[in-house]
Every structure is written in structure tokens, then in C-alpha cells.
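Nothing in this text is a laboratory measurement; each read-out follows from the coordinates by a stated rule. Everything numeric in this text was worked out from a predicted model, so none of it was measured. Heads up, the Cβs are rebuilt from the backbone with ideal geometry, glycines too, and the neighbour counts pull from every protein chain shown.
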């Protein structure tokens, strides 16, 4: 088994309360499905969309922006999968894809080669 | 924990009502932004961490923190009520002040305040109902348009105009002022009644949407009943009417999704709990001298709910209740229903006569069930050709596929009957 990080990027935050609840339910079902099959190493955390950017030798601190709204990382999950192909397959169920978002699937580098 | 089905929608109403009280009606857009923001946070956190033990409290606490942020950000850019302005001016008083505005006791009547505010006398009934759905029930403009089978832009215009009227009143309605409360109560009852009816008889083709509207009306009426000034005989009767009608919701369509008339419904499927609750509420409404239209409509619904079979219906009693209803609220639809009941009691010829005697029946010519009623009685008198024409007119006025299928089936029945009947066959030549 190898480890992968799912980075959730963008994704529309608009919608009526009913729609938001529906999408939330889809996320919960999707993550539960992954967990039930033993693919979740760490469920991760949602991230605030704002913060500070510290940059360069001068250590300049700015309020962002970090990226375009559609590219902002909104959270992550640590996944266990056989290989990259399987991890990609698993990511395809993510509800963010139906809401103009993207999942970035990144293998975690292994310590021992 | 699984969130309850309409958690977000219902909490949205509560939170917008509370924040609008605090920010002032002219800042309602800010209140809505803060609520949207609170939902985004709930969405992001809950989808990963699961729904907390007490989701309502979590949401309201989040809304409170967002409100403090918004007030800090906007304290110089916007005008707030003098009292609030004073509080938010200093960091010493900002957080504790807002904390107090969100206390259990302070938020208790917010939904009711908003309900009364939505029924502003400068707004038409349709605008009041649309506003209630949007603000109190958390329906988006698109969802309200879906419920009314109207266009997005028409509803958007109606709701934004209504919000401007609301904004001009600066403060939410004061539900502790007895005289004003009682004088606006009929408008509130009427709006709740129309909301329920939109669900029960409305044009939306989706029965799920319509059941939602009925449930919302029941929920809001229950909130009205909790207030000592709101729990009048009329409100009890309104609640009774909603329960008794809602008991029949499961049978309004048959197993294949087709509309089923009151006469053909499987009465064993009527919800006996709702009927019992409706009867209890109707008993509670029978105090004092007030006899409202809701008393009469609920009484009619009770007669239906207690008849095990269509044939057992006490049509005489129903006609007399319609007679009384005509004196309180005369409308062509009430007159039509009365004529139908009379036709059930004294035969189809009498029913036809009564329908044709409705003075303002020209106002019914866009209503498919006016022609359907004519067709039904003509069918029963054996005038299949005439009946066929009526069902054709009715079918072309149908507001959704369910109605269209139902009326098409009646039209087909006339065709078949006409062919099988020699007299009619001769008449056709």
C-alpha cells in the first residue's frame, strides 16, 4: 500500500441551504465509503480560505491571495491505495468535481526505497 | 450523526431572522451574507468531521462570531440602530453586547417577528408568501420560482421589491404589541393558508416540492400557535385544516404518480395520526364566538376524513358548511365546490344547474377543474359528447403533466362512453 494526499481545490460555495446540505451529505457518504474500505489514513482538515503568505529572504508577509479562487486548496485527506491509478480512481467519486472543483492526487514520497 | 432532512433550510430562516433583528431590516443583505458564510463553514467542517451533537447551536454560534466580525468590519461603513451603534463602537462592549443579542431569550421570537414582517400591508399576498418561503423557509429564488411554476426573473423581481418594502420599515415587527399583533394576524394566517394551498393544490409537477410547501406551512403555523397572542381560535382552525388535508396527501397521487380524485382515493391510506391531530386542533378552535373561514374549511375536511367510503360522505352537512363559507369568503372557487357538493347530494343535473348559476363564473375560465366539474356532471347525466368537450378544455388548461394525464383519462372515458351509447352515436351523425 502507498500513501497519497488528496488536495481539494476550488469548488463552488454557492447554493441554497438545501443544495448545500445535499452536497455535504454526498461528501459524508463518499468519505465514509472510502473509510469503510480502509482507504483513509487521515481524514484531514478543512482549511480557511484566508491566512498569511510569508515570502522570500525578506520574509515579506502579505494577506494573500495564494491562488485564484478556483485553485485555492480548501482541504486535504491522506489516502491509502495500491498505486496512483487506484488513488485516481478513488478520487473520481469526490463531490467537488460536480461543483467546478478539482482533486489533486499526489503520492507521498516514501522514506525507504 | 445524520443531519435532519431540512436542517440547513430551517436553520437559515432562524439565523436570518435573528441577524436581521440585530442589524436592522435595511441591512438584511448583510444578514444573509453572514448566514451564507456560516453555512459555508458548517459545510466545510461537517463534511469531514461529521455533524456535531447540537447542529443548531453550532450554526447559531458560528453566525454570532461571523456577526461580530461583520459588525467590526462595517461599523463605520454602515448605519445601525443607535443602540447597536453604541455597543459596537467599543471593543469592550462589542462581543458581550452581541452575545446578549443572541441569548436564548432574545432569539426566541425572531422567527415570529420575521413572519409578521413578511406580511407587511404594502405587500400583495403572493409577495408575502414568496418572501416567507425565501426568508423563513430558506428557499432560494430558483426554488421559490420552482414552487410557483414561475420564471426566475419574475420571482427575483417580486422578492427584491418585497425586501425593499421590508427594509423601509427599519425594524422587525414588534410581536409584543398586542393591538398591532392582532390587527396583522389575519394577514399572517392568510399567507400561511395560501402557502399550504400552493402545496396542496398548486401547479408544481413535483409532489415532493408540494409536500414541502405543506410541511413548511404546518411548521410555521405551529410557531404561531406557540405565541399567546397567536394561539387564537382562527389559528387553531387553520392548523386543524392543514392537518386534516395533509392526511390525504399520500393518496392525492396513485402508485403510478397519477392524480387521484377524492372519490377514487384509497381512504385506508389516509394518515390517521394527522386526522386525529386535526380533530384535536379543531376541538381547540371551538372556543369563543369567532367563526372563521378556517373553521368552516376544517369542518368540511373533517366530514371527508370521517367518511370511510365516498358514499358515506355527509354531503348535506358539507353543503351547509359551504353555505356559511360563502357568507364569510365569497369566491367563485368556493361557489364551485359548493355546487359540486350539492350535485353529490341531489344529483348531477342539480350540480350542473348550480355551477351555471355561479354569478362570477367567468373568473373560473382559466381553472381546469371548473371545466372538469362541468364535464363530470354532464358525463353522469349521459351527455358524453358535451362532457368530452369540457374535459378537452380542462385538459388544455392543465398546469402540469399529472393534471393533464388525469384529465386526458377522463376525456378518453367520454370518447369510449360516447361510442358505446347509441343515442349519442346518432346525435353525432
Exercise. If the viscosity is 1.567 mPa s and the temperature 4 °C, what Stokes-Einstein diffusion coefficient in µm²/s follows for the protein assembly as shown when Rh is the Kirkwood radius over Cα pairs?
Worked result: 48
Seminar exercise, completed: Ratio for the range B:1-102, C-alpha Rg to 2.2 N^0.38 Å, reads 1.10
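How much space per residue, in cubic angstrom, does the convex hull of the C-alpha atoms of the range B:195-270 take up?
Spread over its residues, the Cα hull of the range B:195-270 gives 89 Å³ apiece.
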Problem set entry | All-pairs alpha carbon distance profile, chain A, 5 Å steps from 0, percent | 2, 11, 18, 21, 17, 14, 9, 6, 2, 0
Exercise. Shape call for the range B:241-393 from the C-alpha gyration tensor, a ≥ b ≥ c root eigenvalues: rounded (a/c under 1.5), prolate (a/b greater than b/c) or oblate?
Worked result: oblate
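Any idea what diffusion coefficient chain B gets from Stokes-Einstein, in µm²/s, Kirkwood Rh on alpha carbon pairs, 20 °C, 1.002 mPa s?
Answer, rounded: 89 µm²/s.
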Exercise. Per residue of A:32-45, what is the mean number of Cβ atoms on other protein chains within 10 angstrom of that residue's Cβ?
Worked result: 1
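What is the extension gain from residue B:286 to residue B:206, computed as 0.36 nm multiplied by their sequence separation minus the C-alpha to C-alpha distance, in nm to one decimal?
Length gained, residue B:286 through residue B:206: 25.2 nm.
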Exercise. How large is Rg over Rh for the range B:233-311, taking Rg from the Cα atoms and Rh as the Kirkwood inverse mean of 1/r across Cα pairs?
Worked result: 1.03
Exercise. Hey, what's the per residue convex hull volume over the C-alpha atoms of the range B:111-231, in cubic angstrom?
Worked result: 88
Exercise. Using alpha-carbon pairs under 8 Å, 6+ residues apart, how would you state the relative contact order of the range B:233-311 in percent?
Worked result: 47
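Using r as the Cβ-Cβ distance of residue B:222 and residue B:125, and R0 as 22 Å, what FRET efficiency do you calculate, to the nearest 0.05?
The computed FRET efficiency comes out at 0.55.
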Exercise. Averaged over peptide B:42-53, how many Cβ atoms belonging to another chain are found within 10 Å of each residue's Cβ?
Worked result: 6
Exercise. Taking only C-alpha pairs under 8 Å that are 6+ residues apart, what is the relative contact order of chain A in percent?
Worked result: 50
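For peptide B:250-261, how many partner chain Cβ atoms fall within 10 Å of a residue's Cβ, on average?
Partner Cβ neighbours, averaged per residue: 0.
Which value in deg cm²/dmol, rounded to the nearest 500, describes the helix-derived mean residue ellipticity at 222 nm for chain B, given -39,500 (n - 2.57) per DSSP H run of n ≥ 4 and division by the residue count?
Numbers: 22 runs with 301 residues, N = 429.
The helix contribution divided over chain B gives -22500 deg cm²/dmol.
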Exercise. How high is the relative contact order of chain B, in percent, counting Cα pairs under 8 Å that sit 6 or more residues apart?
Worked result: 10
Problem set entry | Values of log10 I(q)/I(0), in the order q = 0.13, 0.24 Å⁻¹, for the range B:294-378 under a Debye, Cα-only, solvent-free model | -0.39, -1.24
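Let me make sure I get this right: for the range A:54-113, a, b and c are the square roots of the gyration tensor eigenvalues over alpha carbons, sorted descending. Under 1.5 in a/c it's rounded, otherwise prolate if a/b > b/c, else oblate. Which is it? Before the final figure, lay out each step's value.
Details: a/c = 4.02, a/b = 1.40, b/c = 2.87.
Note, shape of the range A:54-113 comes out oblate.
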